[in-house]
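S.K.: Right, I'll just put the structure down here and ask away after.
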Amino acid sequence: MIAERSNDARQRLEDEAQIAKTRLQVFWSENHQDYTSRALLQPYAEALRARKIDPDRLHSRGHCPFCGGAAWISSRKSTSDADGGFRYLGCSLCGLEWNYGRISCPACGEEDPHKLPIFRSDAHKTVRLETCETCRRYVKSIDLTLDARPIPPVDDLVSLSMDLWAVEEGYTRIEPGMAGI
Ligand SMILES: [Zn+2]
Ligand SMILES: [Zn+2]
């Protein structure tokens, strides 16, 4: 999978300028999953956010309130007034983290807790997979309530085996992490 991604990126570098431009424009306006376009547009989206310039993109439910990007990660953080910790989603495009306290699937909006099973692994105690039986998507969640140290990108990489398990079970991650899964 990782090799495929880098081949894709290399191939994209050889695209005609016009084709390359069109692919980026399609990603920007339609927000479908396109790992390479996402990586290419990340610095642009981050710069817009730093300058508070509205990116004028589609804002679907469960997506980033600033740029409309899909969530690549979820995290739980403790706050002084909530023992369980608040749930945040991390934007795959502009990097914003936003509070998403409600129990619902960020991809399809499913709210029935029985259709939103959570999977854990003894090997990675701070990581869990929040899955959805309705759309078969999942988001990886990192628990930052017990230990302030884990940094989501690192936890994401070391728990790659959980993504491989999820793919085998027929789930698709809402947005891939840095390893391309
Ligand atoms: Zn964003
Ligand atoms: Zn769903």
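The values are calculated or read from the model by the stated rules, or taken from the named source; none is laboratory data. In this text the structure is predicted, and so the values were computed from the model without any measurement. Note that each Cβ is placed from the backbone with ideal geometry, even for glycine, and that neighbours are counted across all protein chains shown. To get the accessible areas, we keep the full protein, side chains included, count just its heavy atoms, and leave off ligands, DNA and RNA. Shrake-Rupley method; radii C 1.70, N 1.55, O 1.52, S 1.80 Å.
S.K.: Using 7 Å Cα-to-Cβ label points, what is the W165/R61 separation (nm, one decimal)?
M.R.: Each label point lies 7 Å from its Cα, and together they span 3.0 nm.
S.K.: The chain: Rg/Rh from Cα coordinates, Kirkwood Rh? It would help to have the intermediate numbers written out before the result.
M.R.: On the way: Rg = 16.7 Å, Rh = 17.2 Å.
Result: Rg/Rh = 0.97.
S.K.: Spelling out what I want: for every residue of the stretch 51-62, take phi, set θ = phi - 60°, compute 6.51 cos²θ - 1.76 cosθ + 1.60 (Karplus), and round to whole Hz; glycine and proline get x.
M.R.: Per-residue couplings from phi come out as 9, 6, 9, 4, x, 6, 10, 4, 10, 7, 4, x Hz.
S.K.: Hey, another quick one. Using a 10 Å cut-off on Cβ atoms, rank the peptides 87-98, 17-28 from the highest mean neighbour count down.
M.R.: The densest-packed peptide leads the list: 87-98, 17-28.
S.K.: So how do 30-42, 60-72 stack up, highest first, on mean other-Cβ count within 10 Å?
M.R.: Ranked by mean Cβ neighbours within 10 Å, highest first: 60-72, 30-42.
S.K.: Can I ask one more? In Å², what does the accessible area per residue of the stretch 2-173 work out to with a 1.4 Å probe?
M.R.: That works out to 58 Å² for each residue.
S.K.: Taking 7 Å along the Cα-to-C-beta vector as the label spot, tell me the E16-D54 distance in nanometres, rounded to one decimal.
M.R.: In this crude spin-label approximation the distance works out to 3.6 nm.
S.K.: Then there is this: Between the alpha-carbon centers of the stretch 20-41 and the stretch 109-151, tell me the distance in whole angstrom.
M.R.: Centre-to-centre distance over Cα atoms comes out at 27 Å.
S.K.: Residues with amide H under 5 Å of Y100's amide H, sequence separation 5 or more or different chain, H placed in the peptide plane at 1.01 Å from N; which?
M.R.: Long-range HN contacts for Y100: R87, Y88, L89.
S.K.: On the accessible surface of the chain, probed at 1.4 Å, how many percent belong to carbon and sulfur atoms? Walk me through the numbers on the way to the answer.
M.R.: Numbers: 5500 of 10240 Å².
That fraction is 54 percent.
S.K.: Follow-up question, since we're still on this one. With θ set to phi - 60° and the Karplus curve 6.51 cos²θ - 1.76 cosθ + 1.60, what are the ³J(HN,Hα) couplings of the stretch 90-105 in order, to the nearest whole Hz, using x for Gly and Pro?
M.R.: x, 6, 7, 10, 9, x, 5, 10, 10, 6, 9, x, 5, 8, 7, 6
S.K.: Turning to a different aspect of this structure: What length, rounded to one decimal in nm, is gained on full extension from V154 through to W98, with 0.36 nm per residue of separation minus their alpha-carbon distance?
M.R.: 18.2 nm
S.K.: Can you compute 3J(HN,Hα) from phi for each residue in the stretch 39-50, using the Karplus curve 6.51 cos²θ - 1.76 cosθ + 1.60 with θ = phi - 60°, rounded to whole Hz and x for Gly and Pro?
M.R.: Those phi angles translate into 5, 5, 8, 4, x, 5, 5, 5, 5, 4, 5, 4 Hz.
S.K.: So, in nm, how far is label I118 from label V26 when the simple model puts each one 7 Å beyond its Cα toward the Cβ?
M.R.: So the two model labels end up 3.8 nm from each other.
S.K.: Could you list the GluC sites (Glu not before Pro) in the stretch 102-132 that lie in coil according to DSSP, counting only those with at most 14 other Cβ atoms within 10 Å of their Cβ?
M.R.: Loop-located and lightly packed - E111.
S.K.: Please name whichever of T22, P65, C108 sits farthest to the positive end of the charge dipole of the chain, dipole taken about the Cα centre and charges placed at Cβ: Lys and Arg +1, Asp and Glu -1.
M.R.: Checked the options; the winner is P65.
S.K.: Taking amide H positions as placed 1.01 Å from N in the peptide plane, with prolines and chain starts having none, which residues 5 or more places from R137, or on another chain, fall under 5 Å of its amide H?
M.R.: C132, T172
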